[in-house]
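First up is the structure itself, then whatever we jot down about it.
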Amino acid sequence: MLDTKPRPVFLNLFKIRLPMAGIMSIIHRATGVVMVLCIPLLIYLFDLSLSGADGFAAVKAILGVGLVKLILFLMLWALMHHLLAGIRYLLIDIDIGVEKPLFRQTALAVTVAAPVVALILLGGLL
Amino acid sequence: MSRRASGLKAWFLQRASAIYLILFFLYMLLHFIADAPADHAAWQSWVAQPLVGFGLLLFFASLLLHAWVGIRDVVIDYVHPTAIRVSVLTAIGFVLIGCALWVLQVIILAHVA
Ligand code: HEM
């Protein structure tokens, strides 16, 4: 921190070519932040669903609205991406999947699998 | 833990909570596939089971801890002026503590109902 020589900074977003693991990683971060912001909403729905028969019915009705289903899909996608990428990080912490072809392939697999798993889950739960 | 190791402590909390979150989501998923609560009475009596209640408490504790460590990392990365950084972190901290108390109340009420 004491060495404050100016370093080259290159932040042109249109010219930076992010590798696959970088793309996966940025989505992991963005989904984490979005989910944190949704925590009060989650607790609100949990509270309402337990407040009584009316509250339970209200939550069911809310989750049945078309637009809410779309939001639910996006949230499940976010959760699945964050969860799968998170598992990948945890494995990398214990030295599994650090080497080059696998490192890249698992990043691609996580990014592609997340929306698919989310769709399957949504189909099964609704 | 020493001051120097506090980064390690956060790193460890982030991992431990992540592992519990994975296990709890799996459990929730299996429960909802096998035996989705049909009405309020079924839902409430499930939440009121001692082990489920304990699992839920641990889930929200893990979720809020994981969220705090995670969002703190992100804020420290992107918000540099000290006054703004401290204000943002304080505001988020209060909201998360509020969430913790709120959900604790919800779970306790479900148990005494
Ligand atoms: C479902 C299981 C989950 C797993 C396996 C998981 C895993 C992880 C891991 C391993 C990290 C650390 C990444 C790093 O140090 O680079 C992380 C960061 C984070 N997580 Fe999670 N997480 C889960 C759920 C959640 C949930 C539900 C939320 C939000 C409510 C969340 C919010 C965050 C945030 C904000 C970060 C910081 C992101 C960053 O620094 O880039 N996570 N997660």
Task: Those residues of the range B:81-93 which are closer than 25 Å to residue A:79 by Cβ and open to solvent by 20 Å² or more (accessible area, probe 1.4 Å), in sequence order - done: B:88, B:89, B:91, B:92
Task: Yes/no for residue B:78 being within 15 Å of the ligand (Cβ to nearest atom), open to solvent by 50 Å² or more (accessible area, probe 1.4 Å) and over 29 Å from residue A:122 (Cβ atoms) - done: yes
- [ ] Would you check which residues across the range B:1-31 are at pLDDT below 95 and of a type in the set (D, E, K, R) and list them?
- [x] B:3, B:4, B:9
Open item on the list: Of the conditions (1) within 13 Å of the ligand (Cβ to nearest atom); (2) surrounded by fewer than 14 Cβ atoms within 10 Å (Cβ to Cβ), residue B:69 satisfies every one except a single condition; which number is it?
Closed with: (2)
TODO: Scan the range B:64-93 for residues that are within 12 Å of chain A (Cβ to nearest Cβ) and either acidic (Asp, Glu) or more than 20 Å from residue B:7 (Cα to Cα) (or both) and jot them down.
DONE: B:73, B:77
Task: Flag if residue A:79 is in contact with a Ser or Thr (Cβ under 8 Å, 6 or more places away or on another chain) and either of a type outside the set (Ser, Thr, Tyr) or within 15 Å of residue B:22 (Cβ to Cβ) (or both) - done: yes
- [ ] Give A:67, A:63, A:42 a once-over and let me know the one that is in a helix (DSSP H, G or I) and within 16 Å of the ligand (Cβ to nearest atom).
- [x] A:42
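The values are calculated or read from the model by the stated rules, or taken from the named source; none is laboratory data. Nothing here was measured: the structure is a model prediction, and the numbers come from that model. Glycine also receives a Cβ, built like all others from the backbone with ideal geometry; neighbour counts cover every protein chain displayed. We work out accessible area using only protein heavy atoms, side chains counted, and drop any ligands, DNA or RNA first. Shrake-Rupley method; radii C 1.70, N 1.55, O 1.52, S 1.80 Å.
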